[in-house]
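The values are calculated or read from the model by the stated rules, or taken from the named source; none is laboratory data. Every value quoted in this text rests on a predicted model; they were computed, and no experiment measured them. Glycine also receives a Cβ, built like all others from the backbone with ideal geometry; neighbour counts cover every protein chain displayed.
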2 protein chains.
Amino acid sequence: MLRLSKLTDYAVVVMVRLGRGEAVQTSPCIAAATGVPEPTVAKVLKILSAAGLVASHRGARGGYRLVRPLDAVPIADIIAAIDGPIALTACVDGGTSCEAQGLCPMRGRWDPVNRAIEAALAGITLADMADPGPTFAAPGEAAALGPRALPLSALHVAE
Amino acid sequence: MLRLSKLTDYAVVVMVRLGRGEAVQTSPCIAAATGVPEPTVAKVLKILSAAGLVASHRGARGGYRLVRPLDAVPIADIIAAIDGPIALTACVDGGTSCEAQGLCPMRGRWDPVNRAIEAALAGITLADMADPGPTFAAPGEAAALGPRALPLSALHVAE
DNA sequence: GATAAGGGGACCGCAACGGTCCTGTTTCGT
DNA sequence: ACGAAACAGGACCGTTGCGGTCCCCTTATC
Ligand code: FES
Ligand code: FES
């Protein structure tokens, strides 16, 4: 399905949330605001922090803040941070994983495809996905609607 | 990793192989020619046949043949056939799978991303991946050979 | 009628992913 | 100085989907 991991989706939600309100926010706070379970939020933030997309401050009154503004973060960065480098096949550009590269007819064959996708993903920033206008009309109580396990959604950037 | 299934990779190899030699070829023949195990080739061909990308002829002296020439088959079709419709997230355009669509702030957020990828994938045909002649002259970076034990490769369109 | 080939499944092992939890370590507030 | 708050980092499983194989049936040629 060419689908990306659910964590990536969460990461987008979390990042967008970080773009609102206080500059520095804690993971429990974000979890409460977004409706995403707290451990998962923490995990996502750790990964994002390791990738340098967010900065962390430890200790009491600590939290996370954005390093770059939302409009300077292409989703390609998020995907790369969570799902690893963008590579459709095992044999990526360098092809460091294959043995007989000189003989394999598929060598580098997927590269243009990878490039195209990478370009497409680099052209869209989080700001584009955040809220391009006043269309965001359902604050707060949206989270209350998900008493059950919230299957795949739970993507609420509640205010 | 945004990776696509191995089957898709096989499918490309098989399709390219179908573009060579005899117009109609049997799956054992293709398996022998490509080095891909026969059952897998058969599986791939069944899927491709169901998707209408190849035509099959049953009975003795049967086999498969291409419906469209290679340059008329964008890889998007292959991916769609094997991995299913191209959709990065669970909530696709229509969002038929989600319950509280009206409240979810991510509704349709990924759509532009999907479109971009779809467009990128539609712009490259199998012919582009087959063997565009001697044009594939990778510069100096021939990459150091990694003596591996053929992890995922075996993608040989042997002649 | 025998044989060669595709059609459509069922089946199982494995690896990756999602999700949770626990045990440090750091910093701020009192 | 002490304790609480919050991040860091990993360990830990259940589940899922995928890759791969096999079997039996139908179809068409010889
Ligand atoms: S998660 Fe499905 S519409 Fe939001
Ligand atoms: S499969 Fe790796 S270079 Fe061909």
Given the condition within 29 Å of B:A119 (Cβ to Cβ) and acidic (D, E), answer yes or no: does some residue in segment B:8-25 qualify? yes
Complete set of residues in segment A:99-118 that are at pLDDT 55 or above and at the interface with chain B (Cβ under 7 Å from one of its Cβ atoms): A:C104, A:P105, A:M106, A:G108, A:R109, A:P112, A:V113, A:A116, A:I117
Filter segment B:1-40 for residues that are in contact with a helix residue (DSSP H, G or I) (Cβ under 6 Å, 6 or more places away or on another chain), free of Cβ contacts under 8 Å to residues at least 12 places away in the same chain, hydrophobic (A, V, I, L, M, F, W, C) and away from ligand 2 (no atom under 16 Å from the Cβ) and give the result. B:L2, B:A31
Would you check if there is a residue in segment A:44-55 being assigned to a strand (DSSP E or B) and more than 14 Å from every other protein chain (Cβ to nearest Cβ)? yes
Condition first: within 11 Å of DNA strand C (Cβ to nearest atom), closer than 23 Å to B:L88 by Cβ and of a type outside the set (D, E, K, R). Can you find one or more residues in segment A:10-21 that meet it? yes
Would you pick out the residues in segment A:36-95 that are crowded, with 17+ Cβ neighbours inside 10 Å, of a type in the set (D, E, K, R) and within 24 Å of A:G21 (Cα to Cα)? A:D77
